[in-house]
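Written out below as structure tokens is the structure these notes cover.
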Amino acid sequence: MLHEDERLDDLQLEGLKLIQNKKQFCFGTDAVLLSSFANVRSTSSVIDLGTGNGVIPLLLYGKYKPEHITGIEIQKDAYDLAVRNIQLNNLEDKITVINGDIRNIKEYFKTGSFDHVVTNPPYLKTGTGIISMADTMAYARHEILCTLEDILKATKYLLKTKGIFTMVHRPQRLDEILLLMKTYSVEPKTIRFVHANVKSPAILVLIQGLKDMNPSITVEPPFIIHKPDGSYTEELNILYGRN
């Protein structure tokens, strides 16, 4: 099933494998952290906004075995790869991928169709940072085809009352994230900051909210990636199945 510039990776989870294109956006620690933080219920119907090559649905299935997972991806090349990854793992009955634009989410789903929305969206606003020469990389990193507000607007439409929203993003945009969540009826409930080491500022923020609920936020202990000697922490090794 491998095409030119592709490799096959072992997700080290339930025997799941992932085809990745080396010239496209490959998954990293943020996807692994997001899938763990999401803590999806086995009875949930889940949707991943901007699913890319399908790694997050695969990780969620491997960890939680939810009732069904849907991924939506606007880029045709990434969508095609996600479909092949689902087929590779024989999960067509558990994971569905749609080639679509979340800005037109009403064309694909009825309101309140899902129990849980997850997303690892583009982190950078258009006009900030260095734009990649490869379009697929630029779309994955910059809000060219999808903004943070687009994500929250779609989330409000997709979630049932008391439905769960889980996202990984950059802490530099936390004020904007919290404001948009509240604007679109998703009440922030749990936040966890991710640090490269105990002395460094946060490099990622994991955030979870509930639709149409009362205010109340818990900030969990920080997630540390590296020990002082540079090796990975036990918590990260557990997430990667190394322990």
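The values are calculated or read from the model by the stated rules, or taken from the named source; none is laboratory data. Quick caveat, the model's predicted, so the values are computed rather than measured. Quick reminder, even Gly has a Cβ in these numbers, built from the backbone with ideal geometry, and neighbours come from all protein chains shown.
What to note about this one:
- Residue list for the range 201-224, restricted to those being in contact with a Phe, Trp or Tyr (Cβ under 7 Å, 6 or more places away or on another chain) and farther than 21 Å from residue 40 by Cα: 202
- Entry remark, the range 231-243: residues being over 20 Å from residue 38 (Cβ atoms) and in contact (Cβ under 8 Å) with a residue 60 or more places away in the chain number 1 in total.
- Of all residues in the range 63-75, none that is touching a residue at least 12 places away in the same chain (Cβ under 8 Å) and more than 15 Å from residue 117 (Cα to Cα) has its Cβ atom under 7 Å from the Cβ atom of a residue that is hydrophobic (A, V, I, L, M, F, W, C) and surrounded by fewer than 16 Cβ atoms within 10 Å (Cβ to Cβ), 6 or more apart or on another chain.
- Residues that are over 16 Å from residue 86 (Cα atoms) and either loosely packed, with under 11 Cβ neighbours inside 10 Å or of a type in the set (A, V, I, L, M, F, W, C) (or both), drawn from the range 4-23: 4, 5, 22
- Residues of the range 60-84 classified as under 16 Å from the mean Cα position of the chain (by Cα), part of a helix (DSSP H, G or I) and of a type in the set (D, E, K, R), total: 1
- Count of the range 194-223 residues which are buried (at least 18 other Cβ atoms within 10 Å of the Cβ) and farther than 30 Å from residue 112 by Cβ: 2
- Verdict on residue 57 being surrounded by 19 or more Cβ atoms within 10 Å (Cβ to Cβ) and assigned to a loop (DSSP other than H, G, I, E, B): no
- Check on residue 111, surrounded by 16 or more Cβ atoms within 10 Å (Cβ to Cβ) and under 23 Å from residue 152 (Cα atoms): no
- Scanning the range 85-94 for residues that are buried (at least 19 other Cβ atoms within 10 Å of the Cβ), over 18 Å from the mean Cα position of the chain (by Cα) and modelled with pLDDT of 95 or more turns up at least one hit.
- Here residue 229 passes the criteria (1) touching a Pro at 6+ places or on another chain (Cβ under 8 Å); (2) surrounded by fewer than 16 Cβ atoms within 10 Å (Cβ to Cβ) except the one numbered (1).
- Answer residue from the range 24-46, given it is in contact with an Asp or Glu (Cβ under 9 Å, 6 or more places away or on another chain) and among the β-branched types (Val, Ile, Thr) and is farthest from residue 81 (Cα to Cα) among those: 43
- Flag for residue 139 being at pLDDT below 95, assigned to a helix (DSSP H, G or I) and under 18 Å from residue 71 (Cβ atoms): yes
- Inspection of the range 68-78 finds a residue satisfying the criterion of being surrounded by fewer than 19 Cβ atoms within 10 Å (Cβ to Cβ) and under 17 Å from residue 90 (Cβ atoms).
- Residues satisfying the stated conditions in the range 24-54, i.e. part of a strand (DSSP E or B) and either surrounded by fewer than 24 Cβ atoms within 10 Å (Cβ to Cβ) or in contact with a Gly (Cβ under 8 Å, 6 or more places away or on another chain) (or both): 45, 47, 48
- Those residues of the range 190-216 which are touching a Gly at 6+ places or on another chain (Cβ under 9 Å) and not hydroxyl-bearing (Ser, Thr, Tyr), in sequence order: 197, 210, 211, 212
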